[in-house]
Amino acid sequence: MGIVTKSRRVFAAFWAAFAMILLTGQPARADEAAEAYVRNNAPAALAALSEEGLSAQERQAKFAQLMERFADLPRISEFVLGRYATAVRADPELRAEWRRVFRDYAIAVYQDQLDQYRGTEVRVLPGSRDATINGRFYSVVATELISPGRQPFRAEWRLLRSRDNTFKVVDVAVRLNDQVIWLATQQRSDFLAFLDRNRGDVRALITNVRQQTDSMRARIAQREQGRRG
Amino acid sequence: MKTGFLVLVVGALSPVAAFAQTAPVESPAPADTGPEEAQGAAVPADPSPPPQEPAQPDVTQSDAEAQDDYASAATIPDPFEPFNRAVFGFNNVADRYVIEPTARGYRAVTPRFVRTGVNNFLANLGEPITFANEVLQGQPKRAGATLGRFVVNTTIGVAGVMNPAQSMGLERREEDFGQTLGAWGVGSGPYLVLPLLGPSSLRDTTGLVVDRAFTPDTYFDGEDAPEYRIGVNVVGAIATREALLETVENVRNSSADPYVTFRSLYGQARASAIRNGREDVEALPDFDGDPLPDEGAAPEEPAAGYEG
């Protein structure tokens with residue numbers, strides 16, 4: 001009896017899917033497109049870090065280019081300022097400067113940290129989840145990151161999707177068992193605490209972030225030199 | 001103390017660094033870098049409270065925005081920040097001079113498989129705590145899985161040194177009484193940094209005390225019981241710190257104010273643990289900013305390799 005019921009359900013699901021394809025003419029669901037986006041773009045950045053024959057400058061430029069395509073860095077740069085984004089948006093010069101500084105910082109952070117994960121395989125898990133918030137469409141795509149000699153690790157990518165089906169990553173979550181940390185959200189907490197302590201002085205934050213970026217770049221360069229030496 | 005949180009937290013400080021970590025186990029948490037490790041001059045290194053002056057006049061802030069920003073800047077209230085920063089500084093010194101060097105020595109003298117066995121053994125000792133709390137949270141299925149994992153690993157897994165339950169699909173989870181209180185609707189209460197144990201809250205510190213009652217070795221009554229308990233805690237502390245060596249280093253390199261970072265990460269990690277990792281995608285924050293292509297601006301080029 002149970003088997004018969006299950007078979008009926010499978011058939012019903014099959015016919016429902018078939019009918020959807022006929023009616024819409026779009027066999028690829030939106031969430032499948034989001035999954036494909038992550039599948040096609042996330043490994044490219046990791047590959048750039050381990051690509052042979054690139055100079056340090058070429059590697060940095062390639063990684064930066066991929067990051068800028070994959071993630072909506074200008075949007076994230078304002079999200080991480082929280083309420084202080086209002087002041088930045090009101091000053092075009094400050095806004096442009098902050099975007100540049102944050103872009104360099106984000107790329108340096110990821111280049112520095114992802115270096116340990118050269119050769120990592122990104123496996124997209126089916127079943128992304130969509131939500132519409134204030135008219136904007138978001139998809140969360142789960143992936144498993146598999147590195148030789150390490151425990152598989154789960155990361156979730158939050159994509160902002162336009163109605164013309166272009167995507168950009170706006171946040172990444174790291175997950176261990178039941179604990180989840182959204183990194184842009186976390187970054188916002190840190191920057192807000194800094195701005196609160198410095199009376200909302202975005203220029204002080206810019207100075208601080210630049211120093212961190214320089215320090216990370218020096219470390220990356222040192223590592224590159226060590227590999228070549 | 002349940003420290004899966006710490007593994008994630010420290011890992012998450014450096015994006016994606018948490019890949020590397022296997023979940024170590026019940027032990028005191030390591031101390032972390034102190035503010036004096038901060039790179040950049042603008043963050044005060046002293047543990048004094050933040051200045052109380054208002055934000056710049058051009059920063060307008062509605063009550064709703066303030067609430068939103070408060071929630072993200074300090075997901076957990078911190079009325080004892082000066083005290084907490086002092087304890088954080090103490091933990092950092094203890095880490096620098098005692099805990100980290102010991103953990104490096106432990107790594108140097110033990111092969112990886114031995115360390116994995118130690119981590120498994122310690123994690124297995126924490127299973128009764130997880131089981132008791134799953135029962136208290138009314139989750140019989142998860143409690144059954146935990147019981148099964150404990151029985152399998154304690155027997156086939158040779159007193160928990162191996163983890164055969166993992167390959168049977170019995171994934172390791174961690175529950176504690178702080179999470180149980182959260183699931184019952186109790187708020188976090190004030191943030192607390194505990195000496196040597198690290199980030200906590202009033203609710204979770206209460207949970208730590210209650211969890212002792214669920215730990216079998218609390219009831220061991222042999223001549224060697226005190227030495228055993230001390231031994232387990234010391235080994236647990238060293239094993240946890242060893243697993244965090246690289247990631248703590250990453251924190252020292254990339255966080256301007258680790259105290260703040262730990263506080264907000266603690267809030268995020270505990271909130272998600274109380275929800276058992278379930279994510280409400282409707283409740284995630286909105287990223288406003290420039291109009292999207294469908295909101296009136298020129299369409300952007302899709303990224304390379306995009307297959308819509």
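For the A and B pair, go ahead and give the buried accessible area with a 1.4 Å probe, both sides summed, in Å² to 100.
Answer for the A-B pair: about 7500 Å² buried.
Given the -39500 (n - 2.57) contribution per DSSP H run of 4+ residues, what per-residue ellipticity at 222 nm results for chain A, rounded to the nearest 500 deg cm²/dmol?
That calculation yields -20000 deg cm²/dmol at 222 nm.
Hey, what D do you get for chain A in µm²/s if you plug the Kirkwood alpha-carbon radius into Stokes-Einstein at 20 °C and 1.002 mPa s?
107
Quote the accessible area belonging to residue A:171 in square angstrom, nearest 10, computed with a 1.4 Å probe and with ligands, DNA and RNA left uncounted.
My reading of the accessible area for residue A:171 is about 10 Å².
Under the Kirkwood approximation for Rh and a Cα-based Rg, what ratio Rg/Rh is obtained for the range B:92-247?
Ratio of gyration radius to Kirkwood radius: 0.98.
Can you send over the carbon and sulfur percentage of the accessible area for the range B:88-129, probe radius 1.4 Å, protein chains only? Let's see the in-between values first.
Numbers: 1450 of 2060 Å².
Accessible surface attributable to carbon and sulfur in the range B:88-129 totals 70 percent.
For the range B:75-173, evaluate the Debye formula with one uniform point scatterer on each Cα (no solvent term) and list log10 I(q)/I(0) at q = 0.10, 0.15, 0.18 Å⁻¹, rounded to two decimals.
-0.47, -0.82, -0.88
Roughly speaking, to the nearest percent, how much of the range B:164-212's 1.4 Å accessible area is carbon and sulfur?
C and S atoms contribute 67 percent here.
Residue separation times 0.36 nm, minus the C-alpha to C-alpha distance between residue A:100 and residue A:123: what's the value?
Numbers: separation 23, 0.36 × 23 = 8.28 nm, distance 3.17 nm.
That pair, residue A:100 and residue A:123, stretches by 5.1 nm at full extension.
So if I average 1/r over every pair of distinct C-alpha atoms in the range A:60-180 and take the inverse, what Kirkwood radius in Å does that give?
16.1
When Cβ neighbours within 10 Å are restricted to other protein chains, what is their mean count per residue of peptide A:152-159?
Shielding by partners across A:152-159 averages 3.
Over the range B:175-292, with the other protein chains present, what is the accessible area per residue in square angstrom, probe 1.4 angstrom?
Numbers: 4480 Å² over 118 residues.
Accessible area per residue, the range B:175-292: 38 Å².
Taking R0 as 25 Å, what FRET efficiency do you get between residue B:280 and residue A:134 from their Cβ-Cβ distance, rounded to the nearest 0.05?
0.95
With a probe of 1.4 Å, find how much accessible area the range A:112-220 has per residue, and write the answer as a whole number in Å².
34
Can you list residues from other chains, or at least 5 along the same chain, whose modelled amide H is less than 5 Å from the amide H of residue B:194?
For residue B:194, whose amide H was placed from the backbone, the distant partners under 5 Å are B:200.
What are the ³J(HN,Hα) values, in whole Hz, obtained from phi via the Karplus relation 6.51 cos²θ - 1.76 cosθ + 1.60 with θ = phi - 60°, for each residue of the range A:43-55 in sequence order, with x given for Gly and Pro?
With coefficients 6.51, -1.76 and 1.60, one gets x, 4, 5, 5, 5, 4, 6, 10, 5, 6, x, 9, 6 Hz.
I need the P(r) histogram for the range B:145-199: all alpha carbon pairs, bin width 10 Å from 0 out to the longest distance, whole percents.
Percent of pairs per bin, in order: 21, 30, 25, 23, 1.
Determine, from the Cβ-Cβ distance of residue A:146 and residue B:245 and an R0 of 30 Å, the FRET efficiency 1/(1 + (r/R0)^6), rounded to the nearest 0.05. All intermediate terms of the calculation are to be shown ahead of the outcome.
Details: r = 22 Å, r/R0 = 0.74.
The formula returns an efficiency of 0.85 here.
Please report, to one decimal in angstroms, the Kirkwood hydrodynamic radius of the range A:151-229 built from all distinct Cα-Cα pairs.
After inverting the mean inverse Cα-Cα distance, the result is 15.9 Å.
In peptide A:194-207, what is the residue-averaged number of other protein chain Cβ atoms found within 10 Å of each Cβ?
Mean partner shielding for this stretch: 5.
Within 10 Å of each Cβ in A:113-123, how many Cβ atoms from other chains are there, averaged over the peptide?
Mean inter-chain Cβ contacts per residue within 10 Å come to 3.
Given H placed on each backbone N at 1.01 Å, which residues far from residue A:168 in sequence or on other chains put an amide H within less than 5 Å of it?
Counting only residues 5 or more places away or on other chains, the set is A:160.
The values are calculated or read from the model by the stated rules, or taken from the named source; none is laboratory data. Keep in mind that what you see is a predicted model, and the values were worked out from it rather than measured. Because the Cβ atoms are built from the backbone with ideal geometry, glycine has one as well, and the counts that use them run over all protein chains shown. The protein model used for the area step is the full one, side chains on, heavy atoms only, and it has no ligands, DNA or RNA in it. Shrake-Rupley method; radii C 1.70, N 1.55, O 1.52, S 1.80 Å.
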